[in-house]
Amino acid sequence: SDDWYDVTDGMGFSLTVKDPLMVDPNALDDKASWRPSAYEGGSPGFDDAGDIVELGAIVINEIVPDAEAGQPDWIELHNTTDQAIDIGGWFLSDDADDRMRYEIASGTVLGAGGYLVFEADATFDNADDPGCRVPFGLSRNGETLYLHSGAAGVLTGYSVQEKFDASERGVSMGRHRKSTGGYNFVSLSVPTPGAANAQPK
């Protein structure tokens, strides 16, 4: 199904059964039984499971697309696991045709349960930052923001995207857990950079 994973729909990554030894053959038509390959072209003849973090481990947690005057827009990532994860060489972008606009600095480690904020004027919208390949800002009218894992300057198979709607000046947007266990990306009551999200606005 085209909408299972973004990177397996035309970007060269294969669909890979999560656990070939344990999967119920009757569950092979379920997205939950599959993951994207770690590398473009797939992994024919070898197991790439240890080369990519688990789906949902790193998320785009909160953003401010239209900051107050004199303040930068920002993007916050969150490690949902109880293990530190090295995200050095990963990429942020707002362009589906160019997923590598900003490369996160080598050696950047996001601690267990931790948060990391990228301010536009210091990172992804700053041409002087070594990781900034194509400066970009967040649109107050709404758009889609992409996070991809990467290594040695190329994309690998972990991918997250958040589509957000138009926003008010100074209002952050972020993940809010629903009673069903899923998440919506909504306007929040107050910005909380570097900490757990506030309640919806």
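Once fully extended, how much extra length lies between ASP2 and LYS163, figured as 0.36 nm per residue of separation less the alpha-carbon to alpha-carbon distance?
Working: separation 161, 0.36 × 161 = 57.96 nm, distance 1.74 nm.
Contour length minus Cα-Cα distance gives 56.2 nm.
Lysine pairs in the chain 8 or more apart or on different chains: how many have alpha carbons under 21 angstrom apart? Show your work: numbers first, answer last.
Values: LYS18/LYS31; LYS31/LYS163; LYS31/LYS178; LYS163/LYS178; LYS163/LYS201; LYS178/LYS201.
Here the count comes out as 6.
Going by amide H atoms built from the backbone, whose H comes under 5 Å of the H on SER93, apart from near neighbours?
TYR146
On average, how much area does the Cα convex hull of the stretch 90-201 cover when viewed from any direction, in nm²?
Numbers: hull surface 31.2 nm².
Averaging across all directions leaves 7.8 nm² for the Cα convex hull.
Report, by chain and number, residues whose modeled amide H sits under 5 Å from the one on ASN61, excluding near sequence neighbours (fewer than 5 apart, same chain).
GLU76, LEU77, HIS78
Putting +1 on Lys and Arg Cβ atoms and -1 on Asp and Glu Cβ atoms, find which of VAL7, LEU28, ALA96 reaches farthest to the positive end of the dipole of the stretch 1-134.
It is LEU28, whose Cα lies furthest towards the positive end.
Could you check how much of the accessible area of the stretch 48-201 is carbon and sulfur, as a whole percent, using a 1.4 Å probe?
On the way: 3200 of 7150 Å².
Carbon plus sulfur share of accessible area: 45 percent.
Using only the alpha carbons of the stretch 46-117, what is the convex hull's orientation-averaged projected area in square nanometres? It would help to have the intermediate numbers written out before the result.
Values: hull surface 25.5 nm².
Mean shadow area of the hull around the Cα atoms is 6.4 nm².
What accessible area per residue, rounded to a whole number of Å², is obtained for the chain using a probe radius of 1.4 Å? Provide the component values of the computation, followed by the final result.
Working: 10250 Å² over 201 residues.
For the chain, the solvent-accessible area averages 51 Å² per residue.
Please report, to two decimal places, log10 I(q)/I(0) for the chain at q = 0.16 Å⁻¹ as given by the Debye formula with identical point scatterers on the Cα atoms and no solvent.
For the chain at q = 0.16 Å⁻¹, log10 I(q)/I(0) is -1.09.
The values are calculated or read from the model by the stated rules, or taken from the named source; none is laboratory data. Remember, predicted model here, so these are calculated numbers, not experimental data. So basically every Cβ, Gly included, is an ideal-geometry build from the backbone, and we count neighbours across all protein chains shown. Side chains included, ligands, DNA and RNA excluded: accessible areas come from the protein's heavy atoms. Shrake-Rupley method; radii C 1.70, N 1.55, O 1.52, S 1.80 Å.
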